[in-house]
1. Of all residues being in contact with a helix residue (DSSP H, G or I) (Cβ under 8 Å, 6 or more places away or on another chain) and exposed (fewer than 14 other Cβ atoms within 10 Å of the Cβ) in the range 69-90, which is nearest to Y24 (Cα to Cα)? Just the residue, please.
2. Condition test on Y42, is it of a type in the set (F, W, Y), modelled with pLDDT of 85 or more and surrounded by 15 or more Cβ atoms within 10 Å (Cβ to Cβ)?
3. For the range 19-49, which residues satisfy the criterion of being part of a loop (DSSP other than H, G, I, E, B) and in contact (Cβ under 8 Å) with a residue 12 or more places away in the chain?
4. Which of the residues spanning the range 52-63 are surrounded by fewer than 15 Cβ atoms within 10 Å (Cβ to Cβ) and either over 13 Å from the mean Cα position of the chain (by Cα) or β-branched (V, I, T) (or both)?
5. Give the residues of the range 4-18 that are without any contact (Cβ under 8 Å) to a residue 60 or more places away in the chain and either out of contact with any Leu (no Cβ under 6 Å at 6 or more places or on another chain) or acidic (D, E) (or both), sorted by residue number.
Amino acid sequence: MSNRIIRDHKRRLLVAKYGLERMYCKAICQDRNLPNKIRYEYFFKLSKLPRNSSKTRVRNRCIFTGRPRSVYKLFRISRIVFRELASKGSLIGINKSCW
């Protein structure tokens, strides 16, 4: 496994771990009806969370090659690997079309 794949997997785990807490802090920070003191306190808590726990830091990568572009979300593999596996018949329910 390449280092990029491992790094992306760690980020996904952090997003799962801190996702609810991050969403809660963001909701309180953005609520204009609350006093500024409380909002600032939760903004400070939000800034103390790990950076990699943000959803935007996660990149869809192929689980075989680590390629970041043209990755099918359903299979989490790149188009190149998808084509190879489909040609070999390794993907169940997927076959090469011919007409």
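1. Y72
2. Values: of a type in the set (F, W, Y): yes; modelled with pLDDT of 85 or more: yes; surrounded by 15 or more Cβ atoms within 10 Å (Cβ to Cβ): yes.
When the stated conditions are applied, Y42 passes them.
3. L49
4. Passing the criteria: only T56.
5. Within the range 4-18, I6, R7, D8, H9, K10, R11, R12, L13, L14, V15, A16, K17 qualify.
For every residue, the table says whether it meets (1) farther than 22 Å from S2 by Cβ; (2) exposed (fewer than 15 other Cβ atoms within 10 Å of the Cβ); (3) in the same structural domain as K96 (by TED's automatic domain parsing).
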| site | (1), (2), (3) |
| --- | --- |
| M23 | yes, yes, no |
| C29 | yes, no, no |
| S47 | yes, yes, no |
| T65 | no, no, yes |
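The values are calculated or read from the model by the stated rules, or taken from the named source; none is laboratory data. Remember, predicted model here, so these are calculated numbers, not experimental data. Neighbour counts run over all protein chains shown; Cβ positions are idealised from the backbone, glycine included.
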